[in-house]
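Engineer: Below: one structure in structure tokens.
The values are calculated or read from the model by the stated rules, or taken from the named source; none is laboratory data. On a predicted model such as this, the values are computed, not experimentally measured, just so you know. Cβ: placed from backbone, ideal geometry, glycine included. Neighbour counts: every protein chain shown. Keep in mind that these areas ignore ligands, DNA and RNA; they rest on the heavy atoms of the full protein, side chains included. Shrake-Rupley method; radii C 1.70, N 1.55, O 1.52, S 1.80 Å.
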Amino acid sequence: MVRLIAAGRLLVVLFLSVHLLAATAARAQEIPPKRELRGVWIATVENIDWPSSRSLTPEQQRREYRRMLDDHQRSGINAVFVQVRPASDAFYKSELEPWSKWLTGTQGKAPTPYYDPLPFLIEEAHNRGMEFHAWFNPYRATMDTVTRRLSANHPYRRHPEWFIRFAGKLLYNPGLPEVRQYINRVILDVVRRYDIDGVHFDDYFYPYPEAKQVIHDEDAYARFNPDGLALADWRRQNVNVLIHELHDSIQHTKRWVKFGISPFGVWRNQTSDPNGSATKAFQGYDGLYADALEWTRQGWVDYVLPQLYWSTGFKVAQYPVLVEWWARNANNRHVYIGHGAYRMLENTRADTVWRNPRELPRQVRLNRTFPAEVQGSVFFSSKSLMANALRTTDSLRQHEFRYPALVPTMPWLDAVPPRPAENLTLTASGPAHTLTWQPGPAAPDGDLAAYYALYRFTPEQTPRPDDPRNLLAVVRPRAGYGLAFVDTTARPGQAYAYYLTAFDRLHNESRPIWVRTTGRPAEIIVAQTAPPEPAPTPTPVPAPVPQPVPQAQSEVAVAPPVPAPAPAPRPAPRPVATRPAATARPTTKVKVKTKSKRRGGFFSRLFGGR
């Protein structure tokens, strides 16, 4: 009997524990992610996305690009992947390669009137709080083999021996060391001269197989294979060497520039490799000689962005199966998922699940069930997302992307947060609250604040940084203007607490400084400046140690504990990334200065930083 009573009590405890955990998980799911990359590819090849025509004038190109980014900003996008080198040509001023024909209509012809598009493209993205990833196609040289139409400064004119012909295109030969050196040089030229946030490759390495087509790299295989590798292994090694060398070159040039690749969605099937996925599809490892798993194991990339353009119901490559596989093989690098938004515009019987307007939002929600391994979504492509097929974009705006998200951090690149801002002052005058502040000193690693986040709370709320529904605005410095934000949504007579944090280039967040209003119609409140603290020695996160991994070994990433959720606050309008406005001198009748007591511990643990 005693044993039965004890067993009964144990069952009750287990039952209550399960329900408590379920309730906690449900509340946690109600809080949207504060950190999530939300990106879109902007393809320039064949004028897929931008510019929409080769005949647009520079002003028309700029106007079209601004409209495109405005539309994506309304959808919550915080990163763009813009194709700047589609086929050994350039959407920027280059001494190495010709102007792209998809920009001006004729390869090698500069824009008229002249401008360099890339600084404009980058600045417009940054103005809207978006990262700019420069997308390069490393090996594609032309879309046809009509060489007489190539510009006089096309690399083929100088080095025809670098190229192979395959399926009606010219491709760089990946087996030639001089080709790898040249590609590295082209990309580093952009890294050095332009303010990009990342370098991005897509899935085009060795070409996709085609019937009766052969890659004629026999001569390079004979001359540059000192280890006597089999042909397939040698080709994979050629790609790996390019990836490894380029990663190291980028890091030595600008440590904050990320390097990521968007591989084909299936690495290998389980029938080919026990570490593969439960799929029956084309394999990037074997077909394109692209070993994406090795890139993450060795730490040669900062993120992978697998192209999972299949639906949750596509039997040979089911979306849930592949998301779980890539999450399990993240190897302490970011995983973003590439979504086939264009599939909703297709009229195909091969994967009819795409006709369901719930499919794309369902995929985004599925990604979020792996919060420690899958850090975001990227959509192919820009025009498909803007087309709002099946009103899916509307659904994302109203639900999954209703609230803003900040770009996730990469601690292996930078784990040192910036110093907090200083001299935060709030001036209440009439219906508006004007907040001004000054940048803090450099962090121990020398980084200054790149932008600021402003949170707003009511007295009933517990100020917490993990809920983006409290994020009022993201403010970026602008030359010639002070740092300021005008809150025109504050309710008259309502008291608020405003918390301000600083972010560095790699999105590390500082401790907050804050002011609290009283709700009076006219007041000036000055935040307390935190006393100086001893500068800590930065503790960099070590990169993965390159080492061979047995093919039979499986690596599983473990998610960290999820913090307890904060009470859900009243929904606020979507904040926008803003440039600070010129600060007008307000007229006030009452002047109240208060100094908030410094609060450590709780806020330091939540916000982090110094």
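Engineer: Only one of these is over 28 Å from residue 408 (Cα atoms), crowded, with 22+ Cβ neighbours inside 10 Å and modelled with pLDDT of 95 or more: 100, 94. Name it.
Structural biologist: Unique residue meeting the criteria: 100.
Engineer: Ok, one more. Which number in (1) part of a helix (DSSP H, G or I); (2) farther than 25 Å from residue 201 by Cβ marks the one condition that residue 106 misses?
Structural biologist: With respect to (1) part of a helix (DSSP H, G or I); (2) farther than 25 Å from residue 201 by Cβ, residue 106 is out only on (1).
Engineer: Say we look at the range 438-448 and pick out the residues that are in contact with a strand residue (DSSP E or B) (Cβ under 9 Å, 6 or more places away or on another chain) and open to solvent by 30 Å² or more (accessible area, probe 1.4 Å); which of these is farthest from residue 254 (Cα to Cα)?
Structural biologist: Across the range 438-448, the extreme among qualifying residues is 438.
Engineer: Residue 513 versus (1) under 25 Å from residue 404 (Cα atoms); (2) β-branched (Val, Ile, Thr); (3) surrounded by fewer than 21 Cβ atoms within 10 Å (Cβ to Cβ): which is the lone unmet condition?
Structural biologist: Only one criterion in (1) under 25 Å from residue 404 (Cα atoms); (2) β-branched (Val, Ile, Thr); (3) surrounded by fewer than 21 Cβ atoms within 10 Å (Cβ to Cβ) is unmet by residue 513, namely (3).
Engineer: Given the condition open to solvent by 40 Å² or more (accessible area, probe 1.4 Å), modelled with pLDDT of 95 or more and not hydrophobic (A, V, I, L, M, F, W, C), answer yes or no: does some residue in the range 32-50 qualify?
Structural biologist: Checking the range 32-50: at least one residue is open to solvent by 40 Å² or more (accessible area, probe 1.4 Å), modelled with pLDDT of 95 or more and not hydrophobic (A, V, I, L, M, F, W, C).
Engineer: Only one of (1) crowded, with 20+ Cβ neighbours inside 10 Å; (2) without any contact (Cβ under 8 Å) to a residue 24 or more places away in the chain; (3) out of contact with any strand residue (DSSP E or B) (no Cβ under 6 Å at 6 or more places or on another chain) fails for residue 239. Which number is that?
Structural biologist: Only one criterion in (1) crowded, with 20+ Cβ neighbours inside 10 Å; (2) without any contact (Cβ under 8 Å) to a residue 24 or more places away in the chain; (3) out of contact with any strand residue (DSSP E or B) (no Cβ under 6 Å at 6 or more places or on another chain) is unmet by residue 239, namely (2).
Engineer: Is one or more of the residues making up the range 22-31 modelled with pLDDT under 95, crowded, with 17+ Cβ neighbours inside 10 Å and under 24 Å from the mean Cα position of the chain (by Cα)? Step through it out loud before you land on a result.
Structural biologist: The first filter runs over the range 22-31 and keeps only residues modelled with pLDDT under 95, leaving 22-31.
Among the residues that remain, those that are also crowded, with 17+ Cβ neighbours inside 10 Å are: 31.
Right, trim to under 24 Å from the mean Cα position of the chain (by Cα) and you get 31.
Yes - at least one qualifying residue is present in the range 22-31.
Engineer: Counting just the residues of the range 302-342 that are in contact with a strand residue (DSSP E or B) (Cβ under 7 Å, 6 or more places away or on another chain) and in a helix (DSSP H, G or I), which one comes out most open to solvent (accessible area, probe 1.4 Å)?
Structural biologist: Among those that are in contact with a strand residue (DSSP E or B) (Cβ under 7 Å, 6 or more places away or on another chain) and in a helix (DSSP H, G or I), it is 321.
Engineer: Given the options 377, 382, 429, name the one that is surrounded by fewer than 22 Cβ atoms within 10 Å (Cβ to Cβ) and in contact with a strand residue (DSSP E or B) (Cβ under 7 Å, 6 or more places away or on another chain). Even if it seems obvious, please write down each step before you answer.
Structural biologist: Details: 377 fails: surrounded by fewer than 22 Cβ atoms within 10 Å (Cβ to Cβ); 382 fails: surrounded by fewer than 22 Cβ atoms within 10 Å (Cβ to Cβ).
Just one listed residue meets the conditions, 429.
Engineer: Say whether the condition of being farther than 16 Å from residue 451 by Cβ and in a strand (DSSP E or B) is met by at least one residue in the range 467-482.
Structural biologist: Initially, the range 467-482 is screened for residues farther than 16 Å from residue 451 by Cβ, giving 467, 469-470, 480.
Checking the rest, the ones that are also in a strand (DSSP E or B) come to none.
Scanning the range 467-482, I find no residue that is farther than 16 Å from residue 451 by Cβ and in a strand (DSSP E or B), so the answer is no.
Engineer: Among 347, 356, which is modelled with pLDDT under 95, surrounded by fewer than 18 Cβ atoms within 10 Å (Cβ to Cβ) and at negative phi?
Structural biologist: Unique residue meeting the criteria: 347.
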